[in-house]
Amino acid sequence: MEGDDDYDHPQQDLVYSPTLVPGRGANLMEFENQLLGCDCLDEEVCLSSTSCQTAHVCQLNYTSNRILIEEKWDSAGIVECNTQCHCSVQRCFNRLVQFGPRKNLEIFICGPQKGYGLRSQDFIPKGAFICEYAGEVIGLDEAKCRFKSLYAERKMNYIFVLREVISLSESTSVIETIVDPSLIGNIGRYINHSCDPNSGIVPVRIDTPIPRLGIFAKKNILPGEEITYDYSGGGLPSQPHKASAYERKPCYCGAKSCVGYLPFDSSLL
């Protein structure tokens, strides 16, 4: 399911994609597998129905005005109702990311050190959905190859490694999803890092098992204020490894808590 996305890239050599697409090394079966839907009646609001299996298993994700529930920042992620669900597309509270990014987002020049950035012409309340971080889903070997090339050419690295810790009875496993919007992606690729960010990433599953990287406001964001998030995935179950200062690029976020360097995932080496 693709929402309404009218944005585009300022660079002509980039391909705009509103959501994730399979790249080299991706598991194509995961793009084809369809998650089950609920049996709620069309006029029902899913999360008010005790018979809704989606609501029972996944619990409450959003408030009635579609604001992220605070507890979801530290959860295993979100499962929204999908194309197989019988609930009302417009009235069900469990549908948000699938509708696409917020309106009136704006790509702008932050300066020679940071390049492009993203801001909103409108006020964004805490917990509101902003946009996805969309791009190619690639395998680890492909990610390492791309990162090596980017690092050698001193180009910006957009590769994001999402790690989800899944607990099954007495054991745990880590699911990695690697997204690269370097050549194919959406407006989310222009969001800069901050050591004190005003937004963060929450994994959201809709039609397939592949998590979409939903970017939500962690605090109120004023009109014209730059939208930022922590590139290390701060708040997600597992943090990327640290690397030496030699391997890392300087951070220009300007926050009082700035650590001086951009986050770095050494698993890509």
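Read the figures in this text as sums done on the coordinates, not as results from a lab. If you're wondering where the values come from, they're calculated on a predicted model, not measured in any experiment. Here the Cβ is made from the backbone with ideal geometry for all residues, glycine too, and neighbour counts use every protein chain on show.
So how do Lys256, Lys144, Lys103, Lys72 line up by other beta-carbon neighbours within 10 Å, fewest first? Intermediate results must be reported in sequence, preceding the final value.
Working: Lys256 7, Lys144 16, Lys103 11, Lys72 19.
Final ranking by Cβ density, sparse to dense: Lys256, Lys103, Lys144, Lys72.
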*Over the chain, what is the percentage of antiparallel beta bridges among all DSSP beta bridges, to the nearest 5?*
80 percent
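Using Cβ counts within 10 Å as a stand-in for footprinting exposure, how do Asp230, Asp180, Asp39 rank, fewest first? It would help to have the intermediate numbers written out before the result.
Details: Asp230 20, Asp180 24, Asp39 15.
So the residues, fewest neighbours to most, are Asp39, Asp230, Asp180.
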*What list of ³J(HN,Hα) couplings, whole Hz, do you get for the stretch 108-125 from phi and the Karplus terms 6.51, -1.76, 1.60, once you set θ to phi - 60° and write x for glycine and proline?*
9, 8, 8, x, x, 7, 9, x, 6, x, 10, 9, 10, 6, 10, 5, 10, x
*Work out the charge dipole of the chain with +1 on the Cβ of Lys and Arg and -1 on the Cβ of Asp and Glu about the Cα centre, then indicate which of Cys253, Ser232, Ser199 is farthest towards its positive end.*
Cys253
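For the stretch 110-227, give the magnitude of the charge dipole about the Cα centre (Cβ charges: +1 Lys/Arg, -1 Asp/Glu; no others), in debye to the nearest 20. Display every interim value, and only then the final one.
Details: 14 positive and 14 negative charges, 68 e Å.
Once rounded to the nearest 20, the dipole reads 320 debye.
Within the stretch 106-170, report the GluC sites (Glu not before Pro) that DSSP leaves as loop and that have at most 14 other Cβ atoms within 10 Å.
On the way: sites: Glu106, Glu132, Glu136, Glu142, Glu153, Glu164, Glu170; in loops: Glu153, Glu170.
Hits after loop and neighbour filter: Glu153, Glu170.
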*Along the Cα-to-Cβ line of Ser173, 7 Å from the Cα, sits a label point; which residues in the stretch 1-40 have backbone N less than 19 Å from it?*
26-36
*Read through the labelled values [x] 53, 49, 32; [y] 83, 49, 35; [z] 56, 43, 36 and report the label of the one computed as Cα extents along the principal axes in Å from the structure.*
[z]
*Does a label point 7 Å from the Cα of Asp13, set along Cα-to-beta-carbon, have any residues of the stretch 171-213 with amide nitrogen under 16 Å, and which are they?*
181-185
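What net charge do the residues around Tyr133 carry, taking every other residue with its C-beta under 10 Å from that of Tyr133, with Lys and Arg at +1 and Asp and Glu at -1?
Details: positive: Arg189, Arg212; negative: Glu132.
Result for the local shell: +1.
For an R0 of 41 angstrom, estimate the FRET efficiency from the Cβ-Cβ distance between Asn65 and Leu183 and round to the nearest 0.05.
Numbers: r = 36 Å, r/R0 = 0.89.
For Asn65 and Leu183, the calculated efficiency is 0.65.
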*Degrees, to the nearest 10: 140-152 long Cα axis against longest axis of the chain*: 30 degrees
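How high is the FRET efficiency between Ser75 and Lys155 when r is their beta carbon distance and R₀ equals 30 Å, given to the nearest 0.05?
Numbers: r = 34 Å, r/R0 = 1.15.
The value I calculate is 0.30.
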_Reach of Lys144 by Cα under 20 Å, taken over aspartates and glutamates that are not fewer than 8 positions away in the same chain_ = Glu136, Glu153, Glu164, Glu176, Asp180, Glu247, Asp265
*Taking θ as phi - 60°, what are the ³J(HN,Hα) couplings along the stretch 248-261 by the Karplus curve (6.51, -1.76, 1.60), each to the nearest whole Hz, with x for Gly and Pro?*
10, 8, x, 9, 10, 5, x, 6, 4, 8, 4, 8, x, 9
*Springs between alpha-carbon atoms under 10 Å, Gaussian network over the chain: tell me which of Gly127, Gly111, Gly254 tops the mean-square fluctuations.*
Gly111
_Residue of Asn33, Asn192, Asn82 that the Gaussian network model of the chain assigns the largest fluctuation, springs spanning Cα pairs under 10 Å_ = Asn33
*Using only the alpha-carbon atoms of the stretch 86-148, report the extent along each of the three principal axes, biggest first, to the nearest angstrom.*
46, 33, 16
*Would you please give the residues with an amide H less than 5 Å from that of Lys126, counting only those at least 5 places away or on a separate chain, with H modeled from the backbone geometry?*
Asn220, Ile221
_Selected from Ala26, Asn61, Phe108, residue furthest toward positive end of dipole (the chain; charges at beta carbon)_ = Phe108
*Taking a threshold of 24 Å on the Cα-Cα distance, which of the pairs Lys126/Lys256; Lys148/Lys219; Lys114/Lys218; Lys114/Lys148; Lys219/Lys256 fall above it?*
Lys148/Lys219
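Neighbour counts of other C-beta atoms within 10 Å: give me Phe216, Phe160, Phe147 arranged from fewest to most. List each step's numbers first, then the result.
Working: Phe216 25, Phe160 21, Phe147 17.
The fewest-first ordering by Cβ neighbours comes to Phe147, Phe160, Phe216.
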